[in-house]
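J.: First the structure, then my questions, so here it is.
The values are calculated or read from the model by the stated rules, or taken from the named source; none is laboratory data. As the structure is a computational prediction, the values presented were derived from the model and not from experiment. For neighbour counting, all protein chains shown are included, and Cβ atoms are generated from backbone atoms with ideal geometry for every residue, glycine included.
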Amino acid sequence: LKFYHNFLNCEYGKNTIKFLRLRREGKKHFVKEVEVCTHLRLTSAHEYLDGNNSCVIPTDTIKNIVLVLAKKNGIPTLEQFAIDICKHFMTTFCQVAFVKTYVQEVPWQRLHENGVPHIHSFICVPDGIRFCEVEQCRNGPLVVFAGIKDLKLMKTTQSGFEGFYKNEHTTLPERNDRILCGELFCKWSYGECKDFDFDCTWNKIRECILEAFTGPPDCGEYSPSYQKTVNTIQMCVLSKVPQVSSFLLLPCLRNDLCVCAYSPQVLVPVETPYGSCACTLGRKKFLEAQGHVLKDERQSQFGLAAAQGN
C-alpha cells in the first residue's frame, strides 16, 4: 500500500538560551539579561524524510552562535540583537531557507539611592516583560515584531459591565462600578525592518497602553467592557505611534472579586476561571499588503509558546 503526502514544513531550533551580557564603561556597569529562542527551516528536509543530517546545523551550534553574537555585537536593543541573529544565519548558511528569533528581557533596572543612580547595582522590577520576534525568508525582508507580556494593571473604579445578553444560565449581575484587574500580553508589528529607535518606540507604546487603560490621572476614564478597553488601547497606540502596522492584545482580565464577610474593603481575587479576549487591529494599508491575513496571527504560535511556556 503506497501513501501519498505533501510535506508542508519542518522547523527546528534551540529554545531558552539564557544569559546575561555585562558591559563596563569605567566604573559604571550595564547589564542585559535575555532569553532567546531561534528556529530554522532548511531548504530541504532530508533529515526528516531520509535521516540524512548533512545539512543540519546542530541546536548546540545555534546556541553557541547566539552567545558569540552577544559577545561580539552586544545587545544594543532586543530588536537589533534578534536582527543580528537572523542576518547571521541567513548570510552564513546557504541551506537555511527561513529563520525566526524570539528574545525576551529580564526586567533589571538600575538602583537609585537618594535619587542618585548606582554605578553597578540593579533591582529586578516585574512591571511587564519586554520581548521581540524577528523573522526572515531567504530573499525576503526582515519582519520585526515586539511586545510586552505579564503586564499587570488595575483600576479600582471607572469600570462596569451592563446590558449584556441574558438567558436562563445567566447569573452575573449587572454592575456600573467594579474593579478592573488584568494581565496583558501585547504584540505589535513594525512590518519590514526600518531604521528607527526601537527603545524609544517601545517605551512610547508602553506609555500609550498605560494611558489608555487608566485614563486621565485626576479622573480616569469609564470602561463599559474589557473589550472596549482593548480597543481603546489599540486605537491609542496606532494613532500615536506610526511605526506600528498592527497591534495584537490578549488580555486575561480578572474581574470577579468577591467581598470578604469581615469587611467590604477586603476583596478576594478569584484566580480561576477568569475572562479573556483577543483582538488584532491593523492599518488598512497593512491589511491590504498582507492579503487580509495578519502575519502576527499566522505565526503567533511560536511567539505565544515562547512567551507563555517559559
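J.: Report the residue count in region 6-29 for those that are free of Cβ contacts under 8 Å to residues at least 24 places away in the same chain, part of a strand (DSSP E or B) and either in contact with a Gly (Cβ under 7 Å, 6 or more places away or on another chain) or over 14 Å from GLU105 (Cα atoms) (or both).
T.: Summing the residues that are free of Cβ contacts under 8 Å to residues at least 24 places away in the same chain, part of a strand (DSSP E or B) and either in contact with a Gly (Cβ under 7 Å, 6 or more places away or on another chain) or over 14 Å from GLU105 (Cα atoms) (or both) in region 6-29 gives 2.
J.: What is the one condition in (1) surrounded by fewer than 16 Cβ atoms within 10 Å (Cβ to Cβ); (2) aliphatic (A, V, I, L, M); (3) in contact with a strand residue (DSSP E or B) (Cβ under 6 Å, 6 or more places away or on another chain); (4) farther than 28 Å from ASP199 by Cβ that VAL56 does not satisfy?
T.: (3)
J.: Further question: Please specify each residue of region 70-105 satisfying the condition of being farther than 23 Å from GLY147 by Cα and among the basic types (Lys, Arg).
T.: Correct list: LYS71, LYS72.
J.: Which numbered condition in (1) assigned to a helix (DSSP H, G or I); (2) closer than 25 Å to LYS28 by Cβ is the only one that ILE62 fails?
T.: (2)
J.: Within the group TYR48, TYR102, which residue is of a type in the set (Ser, Thr, Tyr) and part of a helix (DSSP H, G or I)?
T.: TYR48
J.: Please verify whether GLN109 is of a type outside the set (A, V, I, L, M), outside any helix (DSSP H, G or I) and within 21 Å of the chain's Cα centre (by Cα), treating the condition exactly as stated.
T.: yes
J.: Take region 225-251 and flag every residue that is in a helix (DSSP H, G or I) and touching a residue at least 24 places away in the same chain (Cβ under 8 Å).
T.: TYR226, GLN227, THR229, VAL230, ASN231, ILE233, GLN234, MET235, CYS236, VAL237, LEU238, LYS240
J.: Go through region 126-152 and give me each residue that's crowded, with 17+ Cβ neighbours inside 10 Å and either of a type in the set (A, V, I, L, M) or not in a strand (DSSP E or B) (or both).
T.: Within region 126-152, GLY128, ILE129, VAL134, LEU142, VAL143, VAL144, ALA146, ILE148, LEU151 meet the criteria.
J.: Continuing with this model, one more query. Looking for something free of Cβ contacts under 8 Å to residues at least 40 places away in the same chain and β-branched (Val, Ile, Thr) - is there at least one such residue anywhere in region 135-144?
T.: no
J.: Is it true that some residue in region 153-160 is part of a strand (DSSP E or B), touching a Leu at 6+ places or on another chain (Cβ under 9 Å), surrounded by 18 or more Cβ atoms within 10 Å (Cβ to Cβ) and free of Cβ contacts under 8 Å to residues at least 60 places away in the same chain?
T.: Checked against the condition, which is being part of a strand (DSSP E or B), touching a Leu at 6+ places or on another chain (Cβ under 9 Å), surrounded by 18 or more Cβ atoms within 10 Å (Cβ to Cβ) and free of Cβ contacts under 8 Å to residues at least 60 places away in the same chain, region 153-160 yields no hits at all.
Per-residue answers, yes or no, for (1) outside any strand (DSSP E or B); (2) assigned by TED's automatic domain parsing to the domain that holds ILE119; (3) within 24 Å of GLU79 (Cβ to Cβ); (4) modelled with pLDDT of 95 or more:
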{"residue": "VAL34", "(1), (2), (3), (4)": "no, yes, yes, yes"}
{"residue": "THR38", "(1), (2), (3), (4)": "no, yes, yes, yes"}
{"residue": "SER44", "(1), (2), (3), (4)": "yes, yes, no, no"}
{"residue": "ILE57", "(1), (2), (3), (4)": "yes, yes, yes, yes"}
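J.: Looking at region 122-134, which of its residues are in contact (Cβ under 8 Å) with a residue 40 or more places away in the chain and either charged (D, E, K, R) or not assigned by TED's automatic domain parsing to the domain that holds THR43 (or both)?
T.: Hits for region 122-134 are ARG130, GLU133.
J.: Quick one: in region 99-121, which of the residues that are touching a residue at least 60 places away in the same chain (Cβ under 8 Å) and surrounded by fewer than 15 Cβ atoms within 10 Å (Cβ to Cβ) is farthest from ARG21 (Cα to Cα)?
T.: ILE119
J.: If I filter region 21-37 for residues that are under 25 Å from the mean Cα position of the chain (by Cα), surrounded by 19 or more Cβ atoms within 10 Å (Cβ to Cβ) and closer than 15 Å to GLU135 by Cα, do I get at least one hit?
T.: Looking through region 21-37, at least one residue is under 25 Å from the mean Cα position of the chain (by Cα), surrounded by 19 or more Cβ atoms within 10 Å (Cβ to Cβ) and closer than 15 Å to GLU135 by Cα.
J.: For SER189, which of the numbered conditions (1) of a type outside the set (Phe, Trp, Tyr); (2) at pLDDT 90 or above; (3) surrounded by fewer than 16 Cβ atoms within 10 Å (Cβ to Cβ) fails to hold?
T.: It is condition (3) that SER189 fails.
J.: Right, here's the next one. Only one of GLU211, GLU207 is touching a helix residue (DSSP H, G or I) at 6+ places or on another chain (Cβ under 8 Å) and either part of a loop (DSSP other than H, G, I, E, B) or farther than 18 Å from ALA278 by Cα (or both). Can you tell me which?
T.: Every option except GLU211 fails the conditions.
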